[in-house]
Amino acid sequence: MRYVDVEQVEKKMGSRLLTNNTAKAIFFLATLFGIVVLLTLIYRVFSDSLGWIDFQFITSKLSTTAERAGIMGAIAGTLWLMVVVAPVTMFLGVGTAIYLEEYAKNGKLKSIIQTNISNLAGVPSVVFGILGLTVFVRSFELGNIVLAGGLTMSLLVLPIVVVASQEAIRAVPQYLREASYGMGATKWQTIKNIVLPAALPGILTGLILSLSRAIGETAPLVVIGIPALLIPLPDGIFDKFTVLPMQIYYWTVDSALVAEYANLAAATIVVLLIVLFLMNSIAIYIRNKFQNRF
């Protein structure tokens, strides 16, 4: 018969409780530090933007005079960039996910593709900028136009769409596929009429989140040479352009020379934050609305 040393057990329990409380305190302080920094940044941005965001600021073009400068060109460039990024990432990302989940057999090829997709998700964005500069700007001789920027940003966010689409397709119950096959449908008919409609909410959520990242990225566009000068508004995907993050970057740099540019950068940040908040809210709404569908 074994006897339990009560004193030793109490000592171990006390040590574990101390470790647990210490870890809890460290994690709480780390979270609190992040929240304080975030609130400080938000306060600084909103306070610097007061009095600068108005209808004239939204609808005016870029100007060398801070009081007359606006972001209409950057907004138009951002919209044209999304015109390229959205369809490219949707077709390539969803197509890749369908192949990997529905057609690809388990083996080395699928494993290699899956591993590379996971690795691409962790590659720094500036590397995609170098790739875009080499392939689209120089090899294809597109220059720093909307199409080159959109294709570069599509490569950046493509892994997000692929992974999100795979998870959405994988979540479709197998009995729906079996019921479709039982009715005499082919594999593609089952995918088109059963799987994709059921997985669409998850796919759209991933797509919107990927577009949110594309809108907020600056490094790839800096590398491929997107300007923030007094250029005309883009009328198509073959025109030169600028975007909101690029305008923020250049106004922040120029604020060392003209103090008012810091206020313009803060106002542009607020506009960009509102756009990102709306896009993420739409993604959350879609997820919550359809998550209990099946």
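The values are calculated or read from the model by the stated rules, or taken from the named source; none is laboratory data. Since this is a predicted model, take the numbers as computed values, not measurements. Glycine also receives a Cβ, built like all others from the backbone with ideal geometry; neighbour counts cover every protein chain displayed.
Some points to look at:
Residues are listed down the side, and each one gets a yes or a no for (1) farther than 30 Å from Pro227 by Cα; (2) not in a helix (DSSP H, G or I):
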position	(1), (2)
Glu10	yes, no
Val37	yes, no
Asp48	no, no
Thr64	no, yes
Ile75	no, no
Ala86	no, no
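For every residue, the table says whether it meets (1) in contact with a Cys (Cβ under 9 Å, 6 or more places away or on another chain); (2) touching a residue at least 12 places away in the same chain (Cβ under 8 Å); (3) of a type in the set (Val, Ile, Thr); (4) not assigned by TED's automatic domain parsing to the domain that holds Ile203.
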{"position": "Phe128", "(1), (2), (3), (4)": "no, yes, no, no"}
{"position": "Arg138", "(1), (2), (3), (4)": "no, no, no, no"}
{"position": "Ile145", "(1), (2), (3), (4)": "no, yes, yes, no"}
{"position": "Met153", "(1), (2), (3), (4)": "no, yes, no, no"}
{"position": "Leu158", "(1), (2), (3), (4)": "no, yes, no, no"}
{"position": "Val161", "(1), (2), (3), (4)": "no, yes, yes, no"}
{"position": "Ala164", "(1), (2), (3), (4)": "no, yes, no, no"}
{"position": "Ala168", "(1), (2), (3), (4)": "no, yes, no, no"}
{"position": "Leu176", "(1), (2), (3), (4)": "no, yes, no, no"}
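- Whichever residue in the stretch 229-246 is within 14 Å of Ala69 (Cβ to Cβ) and β-branched (Val, Ile, Thr) and, among such residues, is surrounded by the fewest Cβ atoms within 10 Å (Cβ to Cβ): Ile231
- A Cβ distance below 7 Å, combined with a sequence gap of six or more or placement on separate chains, defines the contacts here; from the stretch 90-103, residues that are of a type in the set (S, T, N, Q) reach residues that are at pLDDT 90 or above in the pairs Thr96/Val162.
- Looking across the stretch 1-37, the residues that are at pLDDT below 90, of a type in the set (A, V, I, L, M) and either exposed (fewer than 10 other Cβ atoms within 10 Å of the Cβ) or within 30 Å of Ala267 (Cα to Cα) (or both) come down to Met1, Val4, Val6.
- In the stretch 92-112, residue surrounded by the fewest Cβ atoms within 10 Å (Cβ to Cβ) [restricted to those that are under 19 Å from Ser154 (Cα atoms) and touching a Leu at 6+ places or on another chain (Cβ under 7 Å)]: Leu92
- Residue check for Phe55: closer than 30 Å to Leu147 by Cα and surrounded by fewer than 10 Cβ atoms within 10 Å (Cβ to Cβ): yes
Conditions (1) surrounded by fewer than 20 Cβ atoms within 10 Å (Cβ to Cβ); (2) hydroxyl-bearing (Ser, Thr, Tyr); (3) closer than 30 Å to Arg170 by Cα, marked per residue:
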site	(1), (2), (3)
Ile191	no, no, yes
Ala199	no, no, yes
Pro220	no, no, no
Ile248	no, no, no
Trp251	no, no, no
Leu272	no, no, no
Leu276	yes, no, yes
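- Selection of first residues in the stretch 60-81 that are loosely packed, with under 14 Cβ neighbours inside 10 Å and of second residues that are outside any helix (DSSP H, G or I), restricted to Cβ pairs under 8 Å at least 6 apart or on distinct chains, gives the following pairs, ordered by first then second residue: Ser63/Ala69; Ser63/Gly70; Ser63/Leu230; Thr64/Leu230; Arg68/Ser60.
- Considering residues of the stretch 113-146 that are under 26 Å from Pro173 (Cα atoms) and among the aliphatic types (A, V, I, L, M) only, the residue surrounded by the fewest Cβ atoms within 10 Å (Cβ to Cβ): Ile113
- Of the candidates Ile226, Ile269, Ile237, the single residue that is of a type outside the set (Gly, Ala, Ser) and in a helix (DSSP H, G or I) is Ile269.
- Among the residues of the stretch 195-214, none qualifies, meaning not one is of a type in the set (Gly, Ala, Ser) and assigned to a loop (DSSP other than H, G, I, E, B).
- Exactly one residue out of Asp239, Asp235 is touching a residue at least 12 places away in the same chain (Cβ under 8 Å) and of a type in the set (Asp, Glu), and it is Asp239.
- Residue within the stretch 266-285 that is touching a strand residue (DSSP E or B) at 6+ places or on another chain (Cβ under 7 Å) and at pLDDT below 85 present: no
- Residue in the stretch 160-180 that is polar (S, T, N, Q), outside any helix (DSSP H, G or I), more than 20 Å from Val83 (Cα to Cα) and over 17 Å from the mean Cα position of the chain (by Cα) present: no
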